[in-house]
1. What tally of residues in region 1-23 results from selecting those that are surrounded by fewer than 18 Cβ atoms within 10 Å (Cβ to Cβ), outside any loop (DSSP other than H, G, I, E, B) and charged (D, E, K, R)?
2. Quick one: in region 24-34, of everything that is open to solvent by 50 Å² or more (accessible area, probe 1.4 Å) and touching a Phe, Trp or Tyr at 6+ places or on another chain (Cβ under 9 Å), which residue is farthest from G64 (Cα to Cα)?
3. Which members of region 25-81 meet the condition of being in contact with a strand residue (DSSP E or B) (Cβ under 9 Å, 6 or more places away or on another chain), at pLDDT 95 or above, more than 17 Å from K7 (Cβ to Cβ) and not in a loop (DSSP other than H, G, I, E, B)?
4. (1) of a type in the set (K, R); (2) open to solvent by less than 90 Å² (accessible area, probe 1.4 Å); (3) over 10 Å from the mean Cα position of the chain (by Cα): which one isn't true of K80, the others all being true?
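The values are calculated or read from the model by the stated rules, or taken from the named source; none is laboratory data. A quick note: this is a predicted structure, and the numbers were derived from the prediction, not measured. All Cβ positions, glycine included, derive from the backbone under ideal geometry; neighbour counts span all protein chains shown. What goes into the accessible areas is simple: the full protein's heavy atoms, side chains included, and nothing from ligands, DNA or RNA. Shrake-Rupley method; radii C 1.70, N 1.55, O 1.52, S 1.80 Å.
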Amino acid sequence: MLTVYSKNNCPFCVKAKHLLETKGIAFEEVKIDEVDEARNFLLSEKHRTVPQIYKDGKLLVEGGYQGLAKQDEEFFTQLKG
């Protein structure tokens, strides 16, 4: 399953979640402004922006929403599998 690290009032987070929902891909959302451990995890991974999208504990794509939006249909089909 995917984990989308986001925060409140983040337009790119909203776009990333909407794209995943549109493609029928399940994800868990963790808001870093509500969960200190999640914020600390992203900082330890050297991330300074959200959304950050992880699969099985590894970064799925660089660039958050913009990186996700650049992927082709095959990429999303594999995520469903």
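1. Summing the residues that are surrounded by fewer than 18 Cβ atoms within 10 Å (Cβ to Cβ), outside any loop (DSSP other than H, G, I, E, B) and charged (D, E, K, R) in region 1-23 gives 2.
2. It comes out as G24.
3. Selection gives K55, L59, G67.
4. All conditions pass for K80, except number (2).
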